[in-house]
Amino acid sequence: MTVKTYEDDNIFAKIIAGDLPCHKVYEDDKTLAFMDIMPQAKGHVLIIPKQKAVELSQLEPEYASAVFMTAKKVMAAQRQVFERDGIMQMQLNGAEAGQTVFHYHVHLIPSNFHELGKHATTQADMAELAEQAKQLREAIEAAQ
């Protein structure tokens, strides 16, 4: 089996390029964190590298490191904003594992495991996502 070839027109590539909007939580030169519009729980954030990679095996070490440094910032903000100790971190490699967007990404989901909804079934309210993103950005900025 081989890894799927990166496609430049995937939704996350379009978000990085500024061709599609997102509710941004955090951004630096190597990563972008934003609200998942089909969340499994309130506060569900996606972190993507600004590198063309379908899965972890294709990710350059400096981008992998940057993703996890961003994850640390976002997790701290999620705990503060959503008052949750539990943050589920999920990363899927390949369609058989459940990956639906073929650009490497990490899910950070503040939740009790038993409260999770099924992914990609219900779109969130955009105003609510915008407010959650604002609260998370403010928490990250205050921590820096």
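The values are calculated or read from the model by the stated rules, or taken from the named source; none is laboratory data. Just so we're clear, the structure is a prediction, and the values are computed from it rather than from any experiment. When we count neighbours, we look across all protein chains shown, and the Cβ atoms used for this are built from the backbone with ideal geometry, even at glycine. Heavy atoms of the whole protein, side chains included, go into the accessibility calculation; ligands, DNA and RNA do not. Shrake-Rupley method; radii C 1.70, N 1.55, O 1.52, S 1.80 Å.
In the stretch 92-105, the qualifying residues are those that are open to solvent by 50 Å² or more (accessible area, probe 1.4 Å) and in a loop (DSSP other than H, G, I, E, B), and the one that is farthest from VAL54 (Cα to Cα) is THR100.
Results for (1) over 14 Å from the mean Cα position of the chain (by Cα); (2) part of a strand (DSSP E or B), shown as yes or no for each residue.
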site: ASP8; (1), (2): yes, no
site: LYS14; (1), (2): yes, no
site: LEU20; (1), (2): yes, no
site: ASP29; (1), (2): yes, no
site: PHE34; (1), (2): no, yes
site: ILE37; (1), (2): no, no
site: GLY43; (1), (2): no, no
site: LEU46; (1), (2): no, yes
site: GLN51; (1), (2): yes, no
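Among the residues making up the stretch 80-103, a single one is closer than 14 Å to SER57 by Cβ, over 16 Å from the mean Cα position of the chain (by Cα) and not hydrophobic (A, V, I, L, M, F, W, C): GLY94. When the stretch 65-77 is filtered for residues that are free of Cβ contacts under 8 Å to residues at least 60 places away in the same chain and either open to solvent by less than 20 Å² (accessible area, probe 1.4 Å) or of a type in the set (Lys, Arg) (or both), the ones remaining, listed by number, are ALA66, VAL67, THR70, ALA71, LYS72. Output yes when any residue across the stretch 25-35 is touching a His at 6+ places or on another chain (Cβ under 8 Å) and either in contact (Cβ under 8 Å) with a residue 60 or more places away in the chain or open to solvent by 30 Å² or more (accessible area, probe 1.4 Å) (or both), and no when none is. For the stretch 25-35, residues touching a His at 6+ places or on another chain (Cβ under 8 Å) and either in contact (Cβ under 8 Å) with a residue 60 or more places away in the chain or open to solvent by 30 Å² or more (accessible area, probe 1.4 Å) (or both): present.
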